[in-house]
Amino acid sequence: MLLLVFVHGYNLDQRYLEPATLVSEPLTFTTFFEYFTANGIFRFRIPMLFAISGYLFALSDTKPHGERMKGRVRTLLLPYLLWSALGLLMTWGLEEWSFSLESVRAANLSQPIAEYSWQDALLRWTLSPLPFQLWFIRVLFVYNAAYPLLLRAVERAPKIWFGFIVCVWFLLPIHLGFAEPEGLLFFTVGIWLQKTNFNLDTPPSWLKLPSVATAWILLAAAKTVIAFYAQPSPPVFIGLLVLHRVVEGLGIGVAWFGMDALVRWCMARRWFQWSSAFSFMIYALHVPMVNYILHPAFQMWSGLPMYRLMLYFALPLMVIGVCVSVGAVLRRFAPPVYGVLTGGRGLQ
C-alpha cells in the first residue's frame, strides 16, 4: 500500500502510466527515476496481492460458497460502493470551492460533476469510480464469485488454463470492467499454490535471487530508457509490454523470497505495526487526494532545486500520513463507521 501511493504520486507530464506508455518529455535523472519506480520495479504489487487473495480464499473453501460471498459483500462490495460515492462527493465539493477548482481540473480525472447526467453518475459510482484504484476490489469480488469455476480449471486442466491465461496476460493489457488478465492469472496462481501445498518459505532451487534481482533492475531500466526514446509502433508497444510483464514476474520473486530481512525489521517496530492496521485506509483514500494535491504542490515547490524529485518523495509520504491520521481518528471516535468503510479491517 505504501508503494501504491508512490505509483500514483509521480509528477511526469504523462499523467497515466500503462505498461507500454511512451514518455514525450526529456530523459533526466528525475524523470528516469520516477518512471523506473512507478512504472517499473514497484509494479509487482498488484499481481502479488491477487496471488495472496487467491491463496487466502482457497484456504477456507470448505465453507459454503454462498456463505463466503455474503461476507464478501460486507468486506468488498459495500466498501467499494461507499468509497466510490465518497470520491464523487469529494470531487463535487472541491469543484464548488473556487480555491480548489483549478486543482481538480488540472488532475483531469473527470468532466465536471455538475455536467453529469444521472446515467453518468450511476456509471461512475458503480463501474468507473473516480478513486480508480477501486477496480482491484471490483474484479476481486468477481473472482471470488467465480471461485468454483476457477478452482475447477486449476485442478482439472492446469496446463491448459495457465497456458491460455499467461498468453492473454502477456499480450492484452486491458481491463474489461469485471475482469482483467493480470488479476485472473495471479488469483488462480494463488489458488494453485494453496492446493499444491507449494513451499512459500524457501526459494525454489532454480530461483537464484542475486541473478533474478539483477535482471529485475536492469530490465526495468531498459524499459524506462526505451519508453523515453522509442517512437510509437506495434513492435515497440509489444516489446514494452513483454518487458513490463517480465519485470512484474521477477519483482514478485525478489519481493517474496528476498525481502524477509526488511519485513522483519519493519514488523519489529511498534509504529509500523500500528500504522499497518490502516493499510486499507491508505488504499481507499489516497486517490483522488494525491491527484488533487499534486497541482498546487507543484506550483508551491517549483522554485526549489530538484523540486520534482523532492515532490515525488514528499507528496506520497504526506498523503500516507493523512490517510493514517483519518483512519486513526475514525477508529477512535467512530468505530462503527470505520468498520463499515474498511469492511471490518484494522479494528483491533
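The values are calculated or read from the model by the stated rules, or taken from the named source; none is laboratory data. Just so it is clear, the model here is predicted, and its values are computed rather than measured. For neighbour counting, all protein chains shown are included, and Cβ atoms are generated from backbone atoms with ideal geometry for every residue, glycine included.
Residues in segment 73-119 that are assigned to a helix (DSSP H, G or I), more than 19 Å from the chain's Cα centre (by Cα) and polar (S, T, N, Q): Thr91, Ser98, Ser100, Ser103, Gln119.
Screening Ile191 against (1) in contact with a Leu (Cβ under 7 Å, 6 or more places away or on another chain); (2) modelled with pLDDT under 95; (3) assigned to a helix (DSSP H, G or I) leaves a single unmet condition, (2). What residue, of Phe36, Phe50, is closer than 28 Å to Leu240 by Cα, in a helix (DSSP H, G or I) and in contact with a Leu (Cβ under 9 Å, 6 or more places away or on another chain)? Phe50 is the lone residue from the list that is closer than 28 Å to Leu240 by Cα, in a helix (DSSP H, G or I) and in contact with a Leu (Cβ under 9 Å, 6 or more places away or on another chain). Taken over segment 205-219, residues that are aromatic (Phe, Trp, Tyr), at pLDDT below 95 and within 15 Å of Met259 (Cα to Cα) amount to 0. Given the structure, is Leu78 closer than 18 Å to Tyr283 by Cα and surrounded by 13 or more Cβ atoms within 10 Å (Cβ to Cβ)? When the stated conditions are applied, Leu78 passes them. Remark: Val5 matches the filter, which requires a residue to be assigned by TED's automatic domain parsing to the domain that holds Tyr338 and not in a loop (DSSP other than H, G, I, E, B). Selection of helices (runs of 4 or more DSSP H) fully inside segment 219-329 by the criterion of at least 3 residues being crowded, with 22+ Cβ neighbours inside 10 Å returns 234-258, 279-301.
Going through segment 17-40 one residue at a time, which ones are within 19 Å of Leu315 (Cα to Cα) and either surrounded by fewer than 17 Cβ atoms within 10 Å (Cβ to Cβ) or not charged (D, E, K, R) (or both)? Selection gives Leu17, Phe29, Thr30, Thr31, Phe32, Phe33, Tyr35, Phe36, Thr37, Ala38, Asn39.
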